Amino acid sequence: MNTIQHLSTEAPSVLGGHRLLKSSSCSYFVTTAHGFLLARRMLSGISQPEKYRRILVNSYNRKQSNSSNTTVKTSTKLPSVDHLTPSDAPSVSNAEGREDAASSSQWKERKDDGVDVRAGFSSGKDKKPALLTDSFEYFAFLRRLKRTAEKLLSSFPLAIAELAIIGALCAVGTLIEQGQSREFYLQKYSEDWAFGLFNGEWVLNLCLDHVYTAPYFLGLLALLAASLIACTSSRQIPLVKIARRWRFVNSGASISKLDFHETLPHARLADLAVLLAGDKYQVFMRGPSLYAFKGLAGRFAPIGVHAALLLIMGGATYSAIGGYHGTIMVPQGLNFMVGEAMYPAGFLSQPPDSFDTEVHINKFTIETYPNGEVSQFRTDLSLFNLRGQEVSRKVISVNDPLRYGGFTMYQTDWGISTIQIHVDGEGPFNLVAAPLQTGDNKLFGTFLPIGDNGLAGAKGISMLARDLQSVVIYDSNGAFAGVRRSGSEKPITVDGVTIIIDDIIGSTGLEMKLDPGVPIVYAGFAALMLTTVLSYLCHLQVWALQVDDSLVVGAKSNRNRAEFAEDLGKLLNFVPEIVRDRSMENIAPIISSTNEELSMQGTSAKMDNESSRS
Amino acid sequence: MIYLYVEQIFVYISFLILFLVTLLNLINFFFEIDKINHFSNNGMKFAFLCTTGFLTTRFFQTQHLPLGNLYESLMFLSWGFSFLYLISNVKNKKRLSAPVLATSALLVHAFAVLSLPHKMRESMSLVPALQSQWLMMHVSTTLISYATLLFGSLLAIVLLSIFHGEIKRYCVGNLTNNFEFRNKNYPLISKNFPKQIITESFSYSLFLNSRKCQLIHLLDKWTYQAISLGFSFLTIGIISGAVWANEAWGSYWSWDPKETWALITWLIYAIYLHIRINKKWMGKGSAMAASMGFFLVWICFLGVNLLGVGLHNYG
C-alpha cells in the first residue's frame, strides 16, 4: 500500500503530471532556488541520451533490486501510461515529487524493456527513514545538475570555439610585446589604430600586456578543462562501456543496420572465425553468432589524451600557485642565502628546509671559441649549510643546472660587477661597473674621477668592457685612449694618471626554481605522447550470425576508416563458399552444412591462430 | 675546406635533380606518361641521397646534428619532403602526392640555396644555450612534423581549391555501398526502409564511384593520414622542447613566440581532427581547418624569426 502510494505520488500521469511538476518546481524555487533548471527541463524537454540513461538506470536498478526484493510486486503494477487515471493524480500537499526519473519526458519514452525504475526508487524510499529523504533528493538533484552541466560543456561547437579562441589569444600575445612598462604601450600605440578604437590605453585595459595571465585567458583555460572533463565523462566513457558491452547479436536485422554489412551465402562461421583470428582480431563465438574486435586501445586512447591534457593543466596550475622562483646576480666571491632570493609564486608555497643554504660563488668564467664567440658560461658554486659545512659543490653551465634539496639553480645570465685597477702604483681599487647596455650585447662601464670638482662637475677616465677580457679606456674629454687586457700588467697613462687593469670581476646571473608541479606535468607529457600515438588505432568490431546456410556479417569502426571496408571486403572474399555436391556426399562428408555442428559447440571459445581451414 | 666543396657539390646536384624531378612529376600529372614514373622515382631517390650526403657532411664538420641555423633547418625540411615522397612511393604507385611533395622539396631547397646570404650558410658553432643532447630530438621531430603537416595541409588546400563547391559529406569517411540515409535525412522512410534504401543507394552508388568522388575521398584520406602522423610528431616535438627548457632553464613553458605559435599550430590541427569526427562538418570544415594550418606552420617556422625577440630568434 505504501509503495503504491509512492508510485502514484511520483509517477506523473500524462494528465496530472505537469501540474505536479509545476508545483514541485514552485517548491523548489522556494527551497533551493535552482528552479530555473527544472523549468528549463520542463520547457525544453531535455532528456538524456537513451542509451546512457538506460545504462545508469540498469546499474541503479541492479543495485536496488539486489538490496531489496520485497517490493518486487510493484513491478507488475508498472504499466504504460494508460493505466493511470486522473483519480490517481497525487495530492498537491504531498508533492515532494522527485524529479529524477519521475519526469514526464522519461515516463513517456520509457519503453517496455523491463527496466524497473519505479521499483528501484520506491524501494529506496521505503528503506530510508524520512529524515534522509531530503539529502537523497539533494543528491539526485546534484546528479541532474551534473548531467545538465555535462551536456552543456561537452557540446561540440563549444569545444571548437574554445580551442580557436585560445589560439587567437595566444597569437595576439605574440604580436603585442608582453610584460613591458605602462609607458611603453602608451608610446608604442600612441596613434589611434582602427579609427580610435584601439590604442595604448586599450592595450592596458584589455590586459593585452599580459595576455597569458589575464583573467579571461585563465578563465578560458579553465573552461577548456571543464569541457575536457565533461566530454570524457559524458561521451567517451559511456561509449567505451557500450563498445565493450555489445556482443553477440542474435538477429540479422540488427546486423543489417550497421555501416558495413554483407551476406555471404553458403558460408560457415568457423571459416570466418579462422580468417579473423588470422588477421589479429580477438574472436568470440557462441552458438551461431560471432563477435570479433581489434584495437581496443583505440577506444581508450582518446580518453587518455584528455586525461593527459588535464594532468598537464593541473600540474601547471599547481606550479603556478605552489612554487618558488628567484633571480639573483651575484659577483664572484660573494655569498647569498637561497631563501632570501626566492619569492613564492602563490598561496600554496611551502618553503623547504633547504632554503637555509648559503651559496658561495667561487669563480665565474666565460669560455670562448677561437673566433671570439662565447662558447659557455661556467660558475663554480659551493653550498654551505647553517653549520658552515660544505654540502655541495658543482660547476654549473647553461644546460647543466645544480639540483639540491628540491630546488634547482640555473645559469642564465652574467654581468660585470667591478673592474679592479691599480692607480699610480696604489691599489688595488675596485671600481663598480654599471650596465650601460643589457640584452645580448652587454656593455658595462665605470668611471675613475680625476681632480676635485665635486660630484656635479666630476671629470675622469671612463672604462668600458664588453666581456671579462679587455677594457677600453677613454680620457676625460671622451677621446679613445687605449685597450688593455685584464691581467696583462701593461700600464696605460691617461690624463697624467697611470692605470694598470688587474682584473675584471664578473657576476653570475642565477635563476633558482622550486617547482612542485613538475612531476605531474612530466607524467602528463609522457601520457600525452603515448596516447596521441595510440589514438590512431581503429577499434574495429565484427559481428556475424549464421542464418541457415548463409552468413550475415556486419562491422563497425570508430575512426571512419574507409580502408577498413575494403580490407574487410578482401577478407570476406576468402571465406569459402560451400557448394553442396550431392554426388560427393559419401566421399567427403565434411563439406556439408555445419549448422548442427555449430549449435553443438555451444560454449564461447577463444580461437587462436592455429586453427586450420578445411 | 674540403668539406665546403663536398657540401657545395651535394647541394647543387640535389637542387638540379629536384628541379628535374618536379618537372617530370608535373608533366606526368597532366599527361600520364608511364615511363616518367620510373625516372622521377629514381631521380628522387638520388636527390634524397645527395641531401643526406650534405647533412652528413655537415655533421662531420661540426660534430653535432646539422640543425643549428636557418640554412640547415631548411635543408632538413627539404630532406623531410623527399623522404615523404619515397615513403608514399612505397604505398601506392599512382598518386597525387608526388607532384605536391616534389614541388615542396624543390621550393624549400631553392629558398635555402638561392636566397640565403652566404654568411648564413656557413656552419657556425653553437651558442651555449644549444649545446645539449636535446637539440637532436627536439629540432628533428619538430622539423619532420612541419614537413608532414605542410604536406597534409597542401593536400587540403588542393581539395578545397579544386572542389570548393562540391565536397559532399558522403564522399569523405566511410565509402561503402550501404550507409546511413536514415532518419536524419529522410524521416519518413523508416516505414519503407528496405525498398527505398536500395533505390537511394543505387543511384548514389553511381555517384560514389565517379572519379570526382573518388578523388575527393583520396585527397581527404591522405590529408588525414599525413596530418595525424604530423600531429603525433608535433606533440612529441613540443613536449621535448618543453622538457629541454625545463632541464636547461627551469621553466617548461615561457610563452616564447615560437613556442606559442607551435602551440597554436597544435591547436588548429587538434581542431581539424575533432571536426573530422563530426558528421555535419566533416568534409569542408576539416579541409578549411587544415588549410589554415598551412599558413600557421609557415608563420611558426619562419615568421617568428622575423620578430626578433625570444629564445628562438637565432633560427
At a 1.4 Å probe, which residues in region B:127-151 are at least 20 Å² less accessible with all protein chains present than in their chain isolated?
B:128, B:131
Local electrostatic count, residue A:217, Cβ distance below 13 Å [Lys/Arg +1, Asp/Glu -1]
-2
Positive end of the dipole of region A:286-388, charges at C-beta (+1 Lys, Arg; -1 Asp, Glu), about the Cα centre: which of A:379, A:288, A:324 has its Cα farthest in that direction?
A:288
Name the residues of region A:547-578 whose accessible area falls by at least 20 Å² when all protein chains are present instead of the chain alone, probe 1.4 Å?
A:559, A:560, A:562, A:563, A:565
For region A:245-315, what does the accessible surface come to per residue with a 1.4 Å probe? Please give it in Å².
41 Å²
Counting only residues 5 or more apart in sequence or on a different chain, those whose built amide H sits under 5 Å from that of residue A:517 are A:319
Over 20 Å (Cα to Cα) - which of A:151/B:284; A:442/A:490; A:556/B:91; A:280/A:570; B:212/B:284; A:151/A:241 fall in this group
A:151/B:284; A:442/A:490; A:556/B:91
Using DSSP to define loop residues, name the chymotrypsin sites (Phe, Trp or Tyr not before Pro) in region A:319-375 whose beta-carbon has at most 13 other beta-carbon atoms within 10 Å.
A:347
What is the interface area between chains B and A, defined as buried accessible area summed over both chains with a 1.4 Å probe, reported in Å² to the nearest 100?
4500 Å²
Loop-located trypsin sites (Lys or Arg not before Pro) in region A:341-412, at most 13 other Cβ atoms within 10 Å (DSSP):
A:387
Just to confirm a number: summing +1 for Lys and Arg and -1 for Asp and Glu over residues other than residue A:179 whose beta-carbon lies under 14 angstrom from that of residue A:179, what do you get?
-2
Local net charge near residue B:133, Cβ-Cβ under 12 Å (Lys/Arg +1, Asp/Glu -1):
-2
What's the center-to-center distance, using Cα atoms, between region A:395-465 and region B:19-54 in Å?
60 Å
Based on the alpha-carbon gyration tensor of region B:41-145, what equivalent-ellipsoid semi-axes (square roots of 5 times the eigenvalues) come out, in whole Å, largest first?
26, 15, 12
State whether region A:449-525 is rounded, prolate or oblate according to the following rule on the C-alpha gyration tensor (a ≥ b ≥ c being the square roots of its eigenvalues): a/c under 1.5 gives rounded; otherwise a/b larger than b/c gives prolate, and the remaining case gives oblate.
prolate
Going by accessible area, probe 1.4 Å, with all protein chains left in place, what is the ranking of B:274, A:261, largest first?
B:274, A:261
Of all accessible surface on region A:145-217 at a 1.4 Å probe, what whole percent is carbon and sulfur?
68 percent
Can you list residues whose amide H is under 5 Å from residue A:375's amide H, if they're 5+ apart or on another chain and H is modeled 1.01 Å from N?
A:367, A:368, A:369
Report which residues of region A:260-293 become buried by 30 Å² or more of accessible surface when going from the isolated chain to the complete set of protein chains (1.4 Å probe; DNA, RNA and ligands ignored).
A:261
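The values are calculated or read from the model by the stated rules, or taken from the named source; none is laboratory data. Quick caveat: nothing in here was measured; it's all calculated off a predicted structure. Methodologically, a virtual Cβ is constructed for each residue, glycine included, from the backbone with ideal geometry; neighbour enumeration extends over all protein chains shown. Ligands, DNA and RNA are excluded from the accessible area calculation, which covers all protein heavy atoms including side chains. Shrake-Rupley method; radii C 1.70, N 1.55, O 1.52, S 1.80 Å.
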